[in-house]
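First the structure, in the form of C-alpha cells, and then the observations on it.
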Amino acid sequence: MNDFTLIFAPVAGIIGLIFAALLAKKILKSDSGTDRMKEISNYIHEGAMAFLTREYRTLAVFIAVVFLVLGLFISWTTAICFVIGAVFSILAGYFGMQVATKANCRTANAARTSQNKALEIAFSSGAVMGMSVVGLGLLGVGLLYYIIRDANIITGFGLGASSIALFARVGGGIYTKAADVGADLVGKVEAGIPEDDPRNPAVIADNVGDNVGDVAGMGADLFESYVGSIISTLTLGAVLYKTGEGVAFSLTLASIGIIASIIGSLMVKGNERSNPQKALMNGTYISGLIVIISSGILSKMIFNNLNAFYAVTAGILVGIVIGQLTEMYTSADYKYVKRIAQQSETGPATTIISGFSVGMYSTVLPIFFIAVAVLISFFVMGGTANASDVLSGLFGISLAALGMLSTTGMTVAVDAYGPVADNAGGIAEMAELPHEVRKITDTLDSVGNTTAAIGKGFAIGSAALTALALFASYSQAVGLKSIDLLSPVTLIGVLLGGAVPYLFAALAMDAVGKAANHMIEEVRRQFKEIPGLMEGKAKPEYGKCVDISTAAALKEMVLPGVLAVVVPIAAGLLLGPEALGGLIAGAVVSGVLVAIFMANSGGAWDNAKKYIETGEHGGKGSFAHKAAVVGDTVGDPFKDTAGPAMNILIKLMTIVSLVFAPLFVKFGGVLISLFK
C-alpha cells in the first residue's frame, strides 16, 4: 500500500465538499420569491440556526468531559480524534441546515412556474447535505489514518461522530415532533384549519422542526453510519491484511462512492409530467451501479479475486431490497397503507391497531435479507465456523456494510430533499400562493416521505451490519474468541442489552409527549386569548412555540444520549468484557427490530393520512381523516424521534465498547469478582 492510495481518500472528500459548495452557490442565486415568502423563510432560518447554536453549546460540555476521560484513561491521540469527529459531525449538520433553510422559499417560488425546477432546487439542497456528510466523513477518516496509520486510534473519530449523531437525532426529533403534534392536534383536529395555516401558532416551530430533525439530525445520523462503516473495515482489514490490502480497498471504495454519488446526483432529471420519485431513484441506481462495477475492478486488482466484490455487491443489493420493502410497507401505492386508511373509517383505535400490525409485519423480511447479506459476505470472504477463519468472514460483513453506505452522498441527498419540499409547501400555504403551487409542493413532499422512509431503511440495515463488524473489532481488542450463552453473567448481559433500546425509546417518546403537552396548551391559549386570530386579523405569537420546542429538546435529549455511553462502560467495568459482548449482542438484535418497527409504523400512518387527503374515504375533514391524523400523530415520534435514533444507539454502544476496551481488559468484572 503506497501513500497515493491513502491520500486519495481525503482528496475525494475535498472533491465532495467542493461539489457541495458549487451546488449551494447555484441555489442561493435563484429567486427567493415575494417579500412574504422571504419573511416566512427568515423566521424558519433564524429559528433553526438559533436552535443549532444552543444545541451545540450544550454539546460542548459533553465533548469536553469525554475528551478528558479519553485522554486520561485511553490516550490523548484518541481524545483528539474524538473531538475532530464531533466537530466534523457538527459542521456537516450546520452546512446542510444553512442551505436547506434558504432553499425552501426558492423551491416554493420555482413551483410557481415549474415542478421540474422546484425538484431541482430541493434535490440540490439535499445534495449539499449529502456531499457535506461524505466529504467531511472521508476527509476526516482518510486524513487521520494517513497521519496516524493506526485504525484502533481513529475509532475515536467514530465515537465523536456517533455521540453527536445521537444527541442531534434525539434533540432534533423531540423538537420537530413536539411542534408537529401540537400543530396537528389543535390546528387540524380541534380548530379544523389546514396544515401550515398561518393562524396556527405552532406552524413556524413545525417548519423549523423539519429542518433540525430531518436535515441536521438525519445528516448527523448518516454521517456516523458512513464513518462507522469505513472505520469497521479499516480496523478489521488492518488486522487481517498486514500489508495493507484491506485498508487500501476500503478507502478506495469509499472514495469511488463519493464520485459515484456526484455522478448520480447529476443524473436526477425530471420533467413536468413524470413522477419525481422516478428521477430520484434513477440517480440512486446509477450511483449504486458505478460502485458495483468499480468494486469488481478493485477486488481483482487488490486481492486478485472477486470475493470482496461479492461481499460489497451483497450489501448494495440487500440495501436496495430493504429500501424497496420499506417503500412497500410505507407507500400509499401498496395495500398496507391503504388498509390503514380503510380502517380509519371506524376511528382512531383501529387506525392505531392496523399501524402497529403493519410495523410488526415489516420487521420480518428486512431481517431475513440482512441475514442473507451476512451469510453471503461472511462465506465469500473465506469465513468458516473455525475461530481462526472467522476474522476473514467478519471483514466480509464490514465490506457489505461499506457497500450499502458507499453511496451515502446520494442517499442523504434523496432523504434531505424531503424536508425542503415540505417547508416549501408550508411557505406556499402561509404566503397564500395559488393552489397549483401547493399541489406541486405536495407532490414533491409525498415523494419525500417515501424516500425518507427508504433512507431510514438503508440506515437501519447498514446499522446491523456495521454493528456486527464493530463488535468483531471489539472481540479482537479484548481477546474474546466466543461468547458462552450458558454463562449466567453473559446471559445477564444479553438480557440487559435487549432492554436498553426499549428504555431508550421510552425516554424519547416520553420527552415528545411532555413537550407536546406544553405545545398543545400554548396553541389552545393563543386561539382562546388573542382576539381576531381565528379570523386571520391578528398575528400568532410564533416565538413562544419555538421556545417551547427548543427548551424541551435541549433538556430531554441529555438522558437518552448519556445512557448510550454510560451503559456499556458500566457493564464492561462491573460485569467484564464477555458480559459486555452479550450486552452488545442483545442491544443489536432488539434495537434493529424496534427501529424497523417504529420507522415503518410511523411512515405508514403518515402516508395513510396523506392518502385520505387525496379524496379517498371522505377526504380532508372527514371522520376517517381525523382518525388518520391521530394515527399520524402517534407515528410522528415513532418515525422521527425514537425509531431513527435506534440505529445510532446500537452503533454508539458498540464503538464505546471498542474505544474503552483496554480499560475493560485491565479493570473489567469488578462486581463479578466479589462473588468469586
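Annotations
- Other residues whose C-beta falls under 14 angstrom from the C-beta of Phe471 contribute a net charge of +1, scoring Lys and Arg +1 and Asp and Glu -1.
- Within the same chain, lysines fewer than 8 places from Lys626 are excluded, and of the rest, those with a Cα less than 17 Å from its Cα are Lys188, Lys338, Lys609, Lys610.
- Rounded to whole Hz, the Karplus (6.51, -1.76, 1.60) HN-Hα couplings of segment 468-476, x for glycine and proline: 4, 5, 5, 5, 4, 5, 4, 4, 5
- Distance (nanometres) between label positions extended 7 Å along Cα→Cβ at Arg525 and Glu39: 2.5 nm
- Rg and Dmax over the alpha-carbon atoms of segment 532-629 stand at 22.2, 66 Å.
- Summed residue charge, Cβ within 14 Å of Val134's Cβ, Lys/Arg positive, Asp/Glu negative: -3
- Cα-projected label distance for Glu345 with Asn282, points at 7 Å along beta-carbon direction, nm: 3.9 nm
- The stretch between Glu190 and Phe623 holds 154.6 nm of extra length on full extension. This uses 0.36 nm per residue minus the Cα-Cα distance.
- Simple rule: put +1 on each Lys or Arg Cβ and -1 on each Asp or Glu Cβ in the chain, find the dipole, and look at Asn600, Met301, Val489; the Cα lying farthest toward the positive end is Met301.
- Debye-sum result for segment 221-307 in log10 I(q)/I(0), which assumes one identical scatterer on each alpha carbon, at q = 0.15, 0.25 Å⁻¹: -0.66, -1.19
- Here the calculated FRET efficiency for Trp76 and Tyr502, from their Cβ-Cβ distance with R0 = 30 Å, stands at 0.25, rounded to the nearest 0.05.
- Segment 139-226 pair-distance distribution - Cα-Cα, 10 Å bins, rounded %: 18, 32, 22, 15, 9, 5, 0
- Label point distance in nm, Arg54-Asp510, each placed 7 Å from Cα along Cα→Cβ: 2.3 nm
- Shape of segment 1-94, Cα gyration tensor, a/c cut at 1.5: oblate
- Over all Cα atoms in segment 291-398, the spread is summed up by Rg and Dmax: 19.6, 62 Å.
- The lysines within cross-link reach of Lys25, meaning a Cα-to-Cα straight distance under 28 Å and a gap of 8 or more places when in the same chain, are Lys38, Lys102, Lys117, Lys269, Lys278, Lys439.
- Whole-Hz ³J(HN,Hα) from phi, Karplus 6.51 cos²θ - 1.76 cosθ + 1.60, for segment 665-672, glycine and proline x: 5, 7, 10, x, x, 4, 5, 5
- Once divided by 2.2 N^0.38 Å, the Cα radius of gyration of the chain becomes 0.91.
- Lys/Arg +1, Asp/Glu -1 at C-beta; segment 3-673 dipole; positive extreme among Met97, Ser362, Ser124: Ser124
- Note: relative contact order over the chain, using C-alpha pairs below 8 Å and six or more positions apart, is 21 percent.
- If the segment from Ile353 to Val489 were pulled out straight at 0.36 nm per residue, it would be longer than the present Cα-Cα gap by 45.2 nm.
- Computed from phi, the 3J(HN,Hα) profile of segment 406-411 under the Karplus parametrisation 6.51, -1.76, 1.60 (θ = phi - 60°) reads 5, 9, 4, x, 6, 4 Hz, with x in place of Gly and Pro.
- Amide N of segment 1-45 lying under 18 Å from the label point, which is placed 7 angstrom from the Cα of Tyr146 along Cα→Cβ: 1-19
- Of interest is the spacing of the C-alpha centroids, which for segment 199-214 and segment 546-613 amounts to 23 Å.
- Legend: translational diffusion of segment 581-653 by Stokes-Einstein, Rh = Kirkwood radius over C-alpha pairs, 20 °C, 1.002 mPa s; D = 162 µm²/s.
- FRET efficiency for Lys537 and Ile7, using Cβ-Cβ distance with R0 set to 45 Å, rounded to 0.05: 0.10
- Residues of type lysines that Lys651 reaches as a straight line, Cα spacing below 25 Å, ignoring anything fewer than 8 places off in the same chain: Lys177, Lys456, Lys481, Lys555, Lys639, Lys666
- Size of charge dipole - segment 3-673 - debye, nearest 20, with Cβ of Lys, Arg +1 and Asp, Glu -1, no other charges: 680 debye
- Most to least packed among 514-524, 614-624, 108-118 [average Cβ atoms within 10 Å]: 108-118, 514-524, 614-624
- For segment 208-264: rounded, prolate or oblate by the Cα gyration tensor [a/c cutoff 1.5]: oblate
- Computed log₁₀ I(q)/I(0) - Debye formula, equal Cα scatterers, no solvent, segment 349-444, q 0.19 Å⁻¹: -0.96
- Every helix of 4 or more DSSP H residues in the chain counts as -39500 (n - 2.57), and over all residues that averages to -28500 deg cm²/dmol at 222 nm.
- Across the options Asn200, Ala168, Ala183, the greatest Cα extent toward the positive end of the charge dipole of segment 167-210 (unit charges at beta carbon of Lys, Arg, Asp, Glu) belongs to Ala168.
Values quoted throughout were computed directly from the atomic coordinates according to the rules given, and no laboratory measurement underlies them. Just so you know, these numbers come straight off a predicted model, no measurement behind them. A quick note on method: Cβ atoms are made from the backbone with ideal geometry, for glycine too, and the neighbour counts reach across all protein chains shown.
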